[in-house]
Amino acid sequence: MRIHLRSSLTLGLAASCAGLTLLWAQRPAPPQTLVWAPKPVKPTGWKAPNKPWTKLPEVLAKHKGQANWTETIVSDDYLHADYISMAPGGKTPRRLNPDTREWWVIQDGQIRFTIEGQEPFVASKGYLVQVPYRNVYSMETVGDKPSLRFEVNIAGVKKMYPIDETPVPVPGIQFVRAKVAGKGTYEGGNRPFIDFNAVVAGTEKQRRFIADDRAVSNIIYGDPAKLPPSPPGFKGHFHEECAEFWFILLGNIEYKVEGIPTILAAQGDIVYVPKQTWHAPRWAGTGMACRLAMNGYQDIGHEFEASLDGAPSAQ
């Protein structure tokens, strides 16, 4: 029996997942293995607060007239993400994550970041900022309007505070005096911040924003006009063990997702797809477009539809 991958798989890799092609353009093509991938007969579905499409205008309308608010957008076994508004002059206490990296997308206003070992800097819309574990940091809204940030943490994170700081109360938690050694660093391509405006201007070439053993975040940027059409019936791919979500940094991104109508997400929106769910994202609209992809694995598997000549599909 002759075994081959359908031509739609090859074309699909170049078309609907063109962002992956961009990221891998200068890398050798990874070897492909034909497999039986387990997939539930009934789609995994969305568990609140996760939902397919979070529209930024709807989030802002919900909190109209409020300067300080938090809206949880993603919460699963791997990652937790909130939209957070902080009033002018608002400041977080000095704090640190015990064992995990934390990162932010600045959507509006200005935030002064003070991160241990770094010169303080002011981040505005388009800045992508991160801090490694056990590095003390704080944030302060500067300027005359609230700041708006998309804040991402590894699931289950607990904050620690320097001994001269006052911890933020948490129900059921007591804060005890303790000592802890070691600090995370900006290694492996991680940097304190990337200015996405420089990506658009062509002066910033880095596309992997977060490289961590607990998470990854990639900048997927391109021109919809240069995409070939998707093959008829192309489903895209799914991830076996982890959900994925995207922050739309620029333009429009089209998502064809198993079981729901096509999504056309705009800047500031977030799209979330559960594990084991077919999805096919692609740049859309008339101008350049970009999505910031986030999931729990540095080298997450992408399962594409394939066929065996003369063999039935596994049920």
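Each reported figure results from applying straightforward, stated rules to the coordinates on display, with no laboratory input. Because the structure is predicted, anything quoted here is derived from the model rather than measured. Note that we place each Cβ from the backbone using ideal geometry, even for glycine, and neighbour counts take in every protein chain shown.
Quick check: from the Cα gyration tensor, does segment 215-297 come out rounded (a/c under 1.5), prolate or oblate?
On the way: a/c = 1.74, a/b = 1.18, b/c = 1.47.
Oblate, because a/c is 1.5 or more while a/b does not exceed b/c.
Could you tell me the relative contact order of segment 63-196? Use alpha-carbon pairs under 8 Å, at least six residues apart, and round to a whole percent. Before the final figure, lay out the partial values.
Working: 294 pairs, mean separation 40.8, N = 134.
30 percent.
For Ser75, Ser85, what's the fewest-to-most ordering of other Cβ within 10 Å of each Cβ?
Values: Ser75 15, Ser85 22.
Taking fewest neighbouring Cβ atoms as first place, the list is Ser75, Ser85.
In nm, what is the difference between 0.36 nm times the number of residues separating Gln32 and Lys145 and their Cα-Cα distance?
On the way: separation 113, 0.36 × 113 = 40.68 nm, distance 5.07 nm.
35.6 nm is the gain from fully extending Gln32 to Lys145.
How high is the relative contact order of the chain, in percent, counting Cα pairs under 8 Å that sit 6 or more residues apart?
Values: 678 pairs, mean separation 69.8, N = 315.
In percent, rounded to a whole number, it is 22.
Let me have the relative contact order for segment 121-218, percent, based on Cα pairs under 8 Å that are six or more residues apart.
For segment 121-218, the relative contact order is 37 percent.
Charges at C-beta only: +1 for Lys and Arg, -1 for Asp and Glu. How large is the resulting dipole of the chain about its Cα centre, in Debye rounded to 20?
120 debye
Here are some pairs, Lys145/Lys256; Lys125/Lys179; Lys51/Lys158; Lys39/Lys125; Lys51/Lys91; which of them have Cα atoms lying more than 32 Å apart in this structure? Kindly include the intermediate steps, with their values, before the conclusion.
On the way: Lys145/Lys256 36 Å; Lys125/Lys179 37 Å; Lys51/Lys158 24 Å; Lys39/Lys125 39 Å; Lys51/Lys91 30 Å.
Long pairs (Cα-Cα over 32 Å): Lys145/Lys256; Lys125/Lys179; Lys39/Lys125.
For segment 144-160, in order, what is each residue's ³J(HN,Hα) by Karplus, 6.51 cos²θ - 1.76 cosθ + 1.60 with θ = phi - 60°, in whole Hz (x at glycine and Pro)?
10, 9, x, 9, 10, 10, 9, 10, 10, 10, 5, 4, x, 4, 10, 7, 10
When the gyration tensor of segment 124-228 is built from Cα positions, what are the square roots of 5 times its three eigenvalues, in whole Å, from largest to smallest?
Numbers: eigenvalues 214, 63, 36 Å².
For segment 124-228, the ellipsoid semi-axes come out as 33, 18, 13 Å.
Straight-line reach from Lys47: which lysines have Cα under 17 Å away, leaving out those fewer than 8 places along the same chain?
Cross-link targets: Lys275.
Per-residue HN-Hα couplings for segment 283-299, Karplus 6.51 cos²θ - 1.76 cosθ + 1.60 at θ = phi - 60°, whole Hz, x for Gly and Pro?
With the stated coefficients, segment 283-299 comes to 4, 9, x, 10, x, 4, 9, 8, 10, 9, 8, 9, 7, x, 9, 5, 10 Hz.
At q = 0.12, 0.20, 0.21 Å⁻¹, what base-10 log of I(q)/I(0) does the Debye formula yield for segment 63-196 when every alpha carbon is treated as an equal point scatterer in vacuo?
With no solvent term, the Cα-only Debye profile gives -0.47, -1.37, -1.49.
So how do Val200, Val152 line up by other beta-carbon neighbours within 10 Å, fewest first?
Numbers: Val200 15, Val152 24.
So the ranking, lowest neighbour count to highest, is Val200, Val152.
Cut-off under 15 Å on the C-alpha distance; same-chain residues fewer than 8 positions from Lys183 excluded. Which aspartates and glutamates are left, in chain and number order?
Asp99, Glu102, Glu116, Asp212
Of [x] 53, 47, 35; [y] 70, 42, 37; [z] 89, 62, 45, which one was derived for Cα extents along the principal axes in Å from the structure shown?
The value matching this structure is [y].
Add -39500 (n - 2.57) for each DSSP H run of 4 or more in the chain, then divide by its residues: what number comes out at 222 nm, to the nearest 500 deg cm²/dmol? Before the final figure, lay out the partial values.
Working: 4 runs with 28 residues, N = 315.
Using -39500 (n - 2.57) per qualifying helix, the result is -2000 deg cm²/dmol.
Can you sort His237, His80 by how many other beta carbons sit within 10 Å, fewest first? The partial results should precede the final answer.
Details: His237 22, His80 18.
Going from sparsest to densest Cβ surroundings: His80, His237.
Please give the peptides 280-288, 99-107, 169-177, 42-50 ranked by average Cβ packing (other Cβ atoms within 10 Å per residue), highest first, as a rough proxy for protection.
Numbers: 280-288: 18.1, 99-107: 21.3, 169-177: 7.6, 42-50: 13.2.
Packing order, densest peptide first, comes out as 99-107, 280-288, 42-50, 169-177.
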